[in-house]
1. Hey, in the GNM for the chain with a 10 angstrom Cα cutoff, which one of Ala217, Ala76, Ala133 fluctuates hardest?
2. Where in the range 93-150 are there trypsin sites (Lys or Arg not before Pro) that are in a DSSP coil and have at most 11 other Cβ atoms within 10 angstrom of their Cβ?
3. What residues qualify as long-range amide H neighbours of Arg26, i.e. H under 5 Å apart, gap of 5 or more or another chain, H built at 1.01 Å from N?
4. Given a cut-off of under 8 Å on Cα pairs at least six residues apart, what relative contact order in percent is computed for the chain?
5. In the chain, which longest range has no GluC sites (Glu not before Pro) that are both DSSP loop (not H, G, I, E or B) and surrounded by at most 16 other Cβ atoms within 10 Å?
6. Evaluate the charge dipole of the range 225-288 about its Cα centre and quote only its size in Debye, nearest 20, assuming +1 on the Cβ of each Lys and Arg and -1 on the Cβ of each Asp and Glu.
7. For Gly4, enumerate residues with amide H under 5 Å from its amide H, sequence gap 5+ or separate chain, H modeled in the peptide plane.
8. What does the helix-only formula give at 222 nm for the chain: each DSSP H stretch with n ≥ 4 adding -39500 (n - 2.57), the total divided by the residues, and the result rounded to the nearest 500 deg cm²/dmol?
Amino acid sequence: MRAGPLNLITDVAGLVVGHAQHAGLRSGCTVLLAEAPFTAAVNVMGGAPGTRETDLLAPDRLVQQVDALVLSGGSAFGLDAASGVADGLRAMGRGFAVGDQRVPIVPAAILFDLLNGGDKRWDRNPYADLGLAALRAAGREFALGTAGAGYGAATGTLKGGLGSASAVLDSGVTVGALVAVNALGSATVGEGPHFWAAPFELEAEFGGLGPAPRYPAGAEPLPVKRQGEATTIAIVATDAALSQAEAQRMATAAQDGMARALVPSHTLLDGDLVFAAATGARPLQDPLRDPFQIGHAAAAVLARAIARAVYEARALPGDLQPCWRARFG
């Protein structure tokens, strides 16, 4: 397994990602879409999720493919980012065909960033406009850290952010992850700079510090956020031809990566969620080996993407938490 050429989820051919954020609002959103509709699924393990159109991602539903996936700040208000994306896609002639109408299918998930110091005194919900702006900005290369859905994110100890990573398997299959880290838990070990995800790091992508010298095996962490203030939301994607059930299994396996990179994770106070996306460009060579390896890769790339989100976060005036680079250099 090696990182893809961009080490971004857009190493999965055909995928593009767009960000939009507002500095005064201290929030933003991120959209992922492809050249054509793609198979999607979801797995939710947090106790406080906020979602749109996730029920249709079950394998027994009518619609088996989606047009885009959205990650957004703004708590429940941020779900409106998907409306802006849907409006933009409809104007492009995209969406599920119903007679002479097109209905874009845009599942979304949100994180809570309403108490991060930004000005939330809007008269009109701003997230639909942010969603449309993110759609129009979509491309293969995009910013990490303080950007998009991770613009105003925080963790239990340090600023959160937006992360991504990719892996190319020996079979030729590519797997990537995109994540907005706003967790109750911590991406780093104790009070030090070392990342929990260090065993999975490739090419010093988040500092190359290696594993921590000591791990607090007996620690009893306390919540440092209130109910509803935490969530890590992610997308794992592949170019493999997966059914919706197989994509759901990939999302389930990827949750292991979240647990490896954030301690604690999947708490009652988090809304931890992973979408899966499969473009279907590469047929499976082995129906047992390939899904097995894809699941492992999904967990590994998500762990790496989470660490990169915190590592790449940058300081802004008015921050309520230090960023990793300011604290550890």
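1. Top of the fluctuation ranking is Ala217.
2. Sparse-neighbourhood loop trypsin sites (Lys or Arg not before Pro): Arg121, Arg124.
3. The answer is Asp119.
4. That works out to 25 percent.
5. It runs 1-140.
6. Once rounded to the nearest 20, the dipole reads 140 debye.
7. Ser166, Ala167, Val168
8. -6500 deg cm²/dmol
Bear in mind these aren't lab numbers, they're just calculated from the coordinates by the rules spelled out. Note that the structure is a prediction, hence the values are computed from the model and not measured. Note that each Cβ is placed from the backbone with ideal geometry, even for glycine, and that neighbours are counted across all protein chains shown.
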